[in-house]
Amino acid sequence: MTLELRKFEKRDLAELFSWFQSEREVLQWAGAALSWPLNKREFIQLMRQHRGPQPLREIWAVDHGTDMVGHAQIYYNPRLRTAGLGRIAVAPAARGNGLAAPLMELILARAFDLAWVHRVDLLVYSQNEAAIRAYQSAGFVLEGRRRETTPIGSEVWDTLVMSILRPEFDKRTERE
Ligand SMILES: CC(C)(COP(=O)(O)OP(=O)(O)OC[C@H]1O[C@@H](n2cnc3c(N)ncnc32)[C@H](O)[C@@H]1OP(=O)(O)O)[C@@H](O)C(=O)NCCC(=O)NCCS
C-alpha cells in the first residue's frame, strides 16, 4: 500500500485525538509527556517545533490517498547524531493490516535522509507486542529494558529501548 508523509496540521488534531479513548491508550502511544485527556494547546506547542530548515521535531501525518491512516514524530539531536522516533500510530480502523511496515519504511527513510543522522532510536512499553514486532521487522535492535518505569492503575510497565544504526539501515535498503 502506498503511504505518504505530510506535515501534520491543526486541522488533523480532532481526527488524531479520536484514535485514543483512555489514559492507558494515550500512555502507550505517547508516553507520560502528553496529558490525559489529550489537550490541543499542548500538542500545538509541540507542532511549533516543526518549523524552519532544521526543525527540532517533525510531526507527520501518514496519508493513504485522502485518508490520514497514521502518525509519527521525529525528534532530532544533532550533537548526538541521533533521531528519536515517537508517537507512532496507525488509525484504529486500519490496524492489523500490515501498515506498520510501510509507515516505518517512510519514517526511517526520512530520518536517515539527513546525512548527519547515525542512530535512530525509540522507546516502547514491553507489553506493546504489535509495536515491538513492527520495530523488529523494520530492523530495530533491542538494547535494553528500563524496569518499572511507568505506573498506570494497578500495573507498572517496563520500557524497552530499541535502535537502528546507519550501517544496519543501509544494509537493509541495499537488499531491497
Ligand atoms: C503499533 C501499531 C502502529 C502497529 O500497527 P498495526 O497496523 O497494528 O500493525 P501491523 O498490522 O502492521 O503489524 C505489525 C506487526 O505486529 C504484529 N501484530 C499486529 N497486531 C498484533 C497484536 N495485537 N499482537 C501481537 N502482534 C501483532 C503483526 O503480525 C506484524 O508482525 P510482523 O512484522 O512480524 O509481520 C498500532 O498497533 C498502533 O497504532 N497502536 C497504538 C499506538 C501505539 O501503541 N504506538 C506505539 C508507540 S511506541
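From the residues in segment 130-163 that are in contact with a strand residue (DSSP E or B) (Cβ under 8 Å, 6 or more places away or on another chain) and among the basic types (Lys, Arg), which one is farthest from ILE74 (Cα to Cα)? The residue in question is ARG147. When residues in segment 3-48 are screened for being more than 15 Å from the ligand (Cβ to nearest atom) and surrounded by fewer than 15 Cβ atoms within 10 Å (Cβ to Cβ), 16 of them pass. The residues of segment 68-96 that are near the ligand (Cβ under 8 Å from one of its atoms) and either at positive phi or among the charged types (D, E, K, R) (or both), listed by number, are ARG87, ARG95, GLY96.
Can GLU143 be described as in a strand (DSSP E or B) and at positive phi? The answer is no for GLU143. Restricting GLN28, GLN54, GLN73, GLN45 to those that are within 21 Å of ILE107 (Cα to Cα) and either in contact (Cβ under 8 Å) with a residue 60 or more places away in the chain or part of a helix (DSSP H, G or I) (or both) reduces the list to GLN28. Exactly one residue out of ALA33, ALA61, ALA89 is hydrophobic (A, V, I, L, M, F, W, C) and free of Cβ contacts under 8 Å to residues at least 40 places away in the same chain, and it is ALA33.
Residues that are within 15 Å of the ligand (Cβ to nearest atom), surrounded by fewer than 17 Cβ atoms within 10 Å (Cβ to Cβ) and under 26 Å from SER35 (Cβ atoms) do not occur anywhere in segment 131-140. Of all residues in segment 141-159, none are within 20 Å of TRP60 (Cβ to Cβ) and within 15 Å of the ligand (Cβ to nearest atom). Return yes when ARG57 is over 29 Å from ASP170 (Cβ atoms), more than 8 Å from the ligand (Cβ to nearest atom) and out of contact with any helix residue (DSSP H, G or I) (no Cβ under 6 Å at 6 or more places or on another chain) and no when it is not. No: the conditions fail for ARG57. With ARG110, ARG166 as the choices, which residue is closer than 20 Å to PRO78 by Cα, without any contact (Cβ under 8 Å) to a residue 60 or more places away in the chain and surrounded by 14 or more Cβ atoms within 10 Å (Cβ to Cβ)? Answer to the selection: ARG166. Looking across segment 98-129, the residues that are β-branched (Val, Ile, Thr) and either more than 11 Å from the ligand (Cβ to nearest atom) or not in a strand (DSSP E or B) (or both) come down to ILE107, VAL117, VAL120.
Laboratory data are not the source of any read-out in this text; all were calculated from the coordinates shown. This structure is a prediction, so every number in the text was calculated from the model and none was measured. Here the Cβ is made from the backbone with ideal geometry for all residues, glycine too, and neighbour counts use every protein chain on show.
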